[in-house]
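The values are calculated or read from the model by the stated rules, or taken from the named source; none is laboratory data. It should be emphasised that the depicted structure is a prediction, and the values quoted were computed from it without experimental measurement. As a convention, Cβ positions derive from the backbone with ideal geometry for all residues, glycine included, and neighbour counts pool all protein chains shown.
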Amino acid sequence: MNDTEAIKYLEQSDQYRVIQRLNAPERYRHGEPSTARIGIVIDVEATGLDTDKDKIIELGFVAFEYDAGSGLIYRILHTYDAFEDPGEPLEDIVKQITGITDDMLAGQHLDEDGANAWLKKADLIIAHNAAFDRQMLERRLPVVSKSNWACTFHDISWQDEDISSLKLDYIAYKLGFFFDGHRAVNDAQATLHILTRTLPCSGKLAMSVLLAGAREKSRRFFAFRAPFEKKDDLKARGYRWLPEFTYQGKKGVWSISVPEADIETEQQWLSDYIYKGKTAQFIVKEITAADRYSVREFTAP
């Protein structure tokens, strides 16, 4: 019995589920897209999670061709993977998670010209948790600050697709494949592969859902001077505390990003429930893919 026969045999029973190792292809679809665009799926590994202070130790990305109308993904155009020496020893937890050692990084530097040449071509840059990757890269390769960004972590409603964890390896498993994770280019390849899959509940192509989210305008609300006793209500609704936010000499604010369709509802909730008849002091900022997930999104308008 060969592999194909074995898989078919197992899948005839509801006792087994077979998933495949990802072997990144050179092309996902033959032919030419009707409206060709260039996308880049990107991932960084870093010395830590502080986007203001930590340093990139590995950058990996996959540039690809897609159709702007359908979201269908065609050719792989370029794959980039490079280490960078942070000039300091890695913490043990970083070595454990990434498999990267100090010896692997010693004397290594990103090929900035090579990376920037591709990043400038991108109509859309995609990451799984783009708020981290974008803010890390804007410090190291500022050219990405001018790009449109999307996020497979936030811009696809995985819960609606009966996928309960947002971890990349779990999403991959639920969509029928596995990969060697926590290395930049491997994670980028896996993220791209996810975008080629049909979502299990809606039946929509993941890339088309991502594009729809990226194109949608949103509004970030800053609940300025919200009453302290309302903090639990704000948190329960999805607001996030931004301790470094400064407005009119006051630091810290509760904030949330709301899609265009929900803007009026959110304004009403803040006025009626948080400020309760007092003069509403929330401020708002219009957000598009050009600013979404950048540090700019989280600063006062």
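Within the range 211-228, if we keep just the residues that are of a type in the set (A, V, I, L, M, F, W, C) and not in a strand (DSSP E or B), the residue that is farthest from Pro259 (Cα to Cα) turns out to be Phe228.
When Gly71, Gly60 are checked against the criterion of being surrounded by 11 or more Cβ atoms within 10 Å (Cβ to Cβ), in contact with a strand residue (DSSP E or B) (Cβ under 7 Å, 6 or more places away or on another chain) and either among the polar types (S, T, N, Q) or not in a strand (DSSP E or B) (or both), a single residue qualifies: Gly71. For the range 18-52, name all the residues that are among the hydrophobic types (A, V, I, L, M, F, W, C) and in contact with a Ser or Thr (Cβ under 6 Å, 6 or more places away or on another chain). If the condition is that a residue be among the hydrophobic types (A, V, I, L, M, F, W, C) and in contact with a Ser or Thr (Cβ under 6 Å, 6 or more places away or on another chain), then Val41 is the only one that fits. Regarding the range 78-89, can at least one residue be identified that is assigned by TED's automatic domain parsing to the domain that holds Lys174, under 23 Å from Tyr170 (Cβ atoms) and either in contact (Cβ under 8 Å) with a residue 40 or more places away in the chain or not in a helix (DSSP H, G or I) (or both)? No, the range 78-89 contains no residue that is assigned by TED's automatic domain parsing to the domain that holds Lys174, under 23 Å from Tyr170 (Cβ atoms) and either in contact (Cβ under 8 Å) with a residue 40 or more places away in the chain or not in a helix (DSSP H, G or I) (or both).
Answer yes or no: is there a residue in the range 153-168 that is in contact (Cβ under 8 Å) with a residue 24 or more places away in the chain and in contact with a strand residue (DSSP E or B) (Cβ under 7 Å, 6 or more places away or on another chain). No, there is no match, as no residue in the range 153-168 is in contact (Cβ under 8 Å) with a residue 24 or more places away in the chain and in contact with a strand residue (DSSP E or B) (Cβ under 7 Å, 6 or more places away or on another chain). Of the residues in the range 9-30, none is surrounded by 15 or more Cβ atoms within 10 Å (Cβ to Cβ) and in contact with a Pro (Cβ under 6 Å, 6 or more places away or on another chain).
Does Ile283 satisfy the condition of being in contact with a Lys or Arg (Cβ under 7 Å, 6 or more places away or on another chain), at pLDDT below 95 and either closer than 22 Å to Met136 by Cα or of a type in the set (A, V, I, L, M, F, W, C) (or both)? No; evaluated as a whole, the condition is false for this residue. The set of residues in the range 270-283 being touching a residue at least 24 places away in the same chain (Cβ under 8 Å) and surrounded by 15 or more Cβ atoms within 10 Å (Cβ to Cβ) consists of Leu270, Ile274, Tyr275, Gln281, Phe282, Ile283. Scanning the range 243-269 for residues that are touching a residue at least 40 places away in the same chain (Cβ under 8 Å), touching a strand residue (DSSP E or B) at 6+ places or on another chain (Cβ under 6 Å) and surrounded by 16 or more Cβ atoms within 10 Å (Cβ to Cβ) turns up Phe245, Ser255, Ser257, Val258, Ile263, Glu266.
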